[in-house]
1. Which condition number in (1) of a type outside the set (V, I, T); (2) touching a His at 6+ places or on another chain (Cβ under 7 Å); (3) within 30 Å of A135 (Cβ to Cβ) is the one that L201 fails?
2. How many residues does segment 218-234 contain that are under 13 Å from L244 (Cβ atoms) and part of a helix (DSSP H, G or I)?
3. Being surrounded by 17 or more Cβ atoms within 10 Å (Cβ to Cβ), polar (S, T, N, Q) and out of contact with any Leu (no Cβ under 6 Å at 6 or more places or on another chain) is the filter here; which residues of segment 7-38 pass it?
4. Just one of F194, F239 is under 28 Å from the mean Cα position of the chain (by Cα), at pLDDT 95 or above and surrounded by 17 or more Cβ atoms within 10 Å (Cβ to Cβ); which is it?
5. Please verify whether A199 is loosely packed, with under 13 Cβ neighbours inside 10 Å and in contact (Cβ under 8 Å) with a residue 40 or more places away in the chain, treating the condition exactly as stated.
6. Just checking, which of G225, G155 is touching a Leu at 6+ places or on another chain (Cβ under 6 Å) and crowded, with 16+ Cβ neighbours inside 10 Å?
7. Considering only segment 1-49, state which residues are assigned to a loop (DSSP other than H, G, I, E, B) and within 18 Å of E68 (Cβ to Cβ).
Amino acid sequence: MTATLDEIQATFERGDHELVLELTDGMLADRPGDDAAHEFRARSLLALGRLDEAERHAQDAVRLDPDEIRYRELLAQVLSSEGAHRDAAAEFGRLARNDPRQTTWTVAEARERLGAAQPGMSVEAARRAVKLEPANGQAQLALAEALVRTGDARGAFQAANQAVRLLPGSLEAREALADAHWLADDDAAAFTEFAALAAELPAADRARVVAKARTLYRQHAGAAGRAVAAVGPVFELAFRRGWLHVGR
């Protein structure tokens, strides 16, 4: 007996993604054009990290019902997870154009444009989001990150300060502010904030911040300091213990 969509949804919400795939196999065998079955398959495949298959089923859902916003948003999320940031940005941009009041998709487009190495287009999208909703911290953060990449120190600093204010406790916002300090040649403030962030961030993000601090430190260090910076583990140990400093 074929499972109902309600049963499949309940299975998905329990996190039993392998069973979702089994149930939707049966549903699609009976009804090959069931867009909702393709959607649930795509979502479970995405959760399982099977991204190529997730994209195929998300594309099938969109093909079967091109006007269903939920499917297009899912496709954009899958594309982003695959690292296809330019295609994901195009999907989020399409969604945003269809509902110009929806800030979330415009912010998502800005982030994907940045991931696609299109910082100018990221700034444009982020500015649209900020114009729609000035008190949206994620929009201000996206604008700050994009302006850092385009080298606009003043604009980045203003947007990052807004993001920190609107997103209390956000480590991303604090990193954007540190980047803005660095861009504005306030290297001591940037280095101090990178050190604080390194103590709070998870390992993958910490590595990124430590790499920034290492580059910044090299710009100020003498021969002995450059020797420390040349050996990654030595630098990280000294950095995280607070033994290194950067002057103004």
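The values are calculated or read from the model by the stated rules, or taken from the named source; none is laboratory data. On a predicted model such as this, the values are computed, not experimentally measured, just so you know. Quick reminder, even Gly has a Cβ in these numbers, built from the backbone with ideal geometry, and neighbours come from all protein chains shown.
1. Unmet for L201, out of (1) of a type outside the set (V, I, T); (2) touching a His at 6+ places or on another chain (Cβ under 7 Å); (3) within 30 Å of A135 (Cβ to Cβ): (2).
2. Here the count works out to 10.
3. Residue satisfying the conditions is T24 alone.
4. Working: F239 fails: at pLDDT 95 or above.
Result of the check over F194, F239: F194.
5. Answer is yes for this residue.
6. On inspection, the qualifying residue turns out to be G155.
7. R31, P32, G33, D34
Residue-wise test of (1) of a type outside the set (D, E); (2) within 15 Å of the chain's Cα centre (by Cα); (3) over 23 Å from A47 (Cβ atoms).
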| position | (1), (2), (3) |
| --- | --- |
| V62 | yes, no, no |
| D65 | no, no, no |
| I69 | yes, no, no |
| L79 | yes, yes, no |
| E82 | no, yes, no |
| A88 | yes, yes, no |
| F92 | yes, yes, no |
| R101 | yes, no, yes |
| T104 | yes, yes, no |
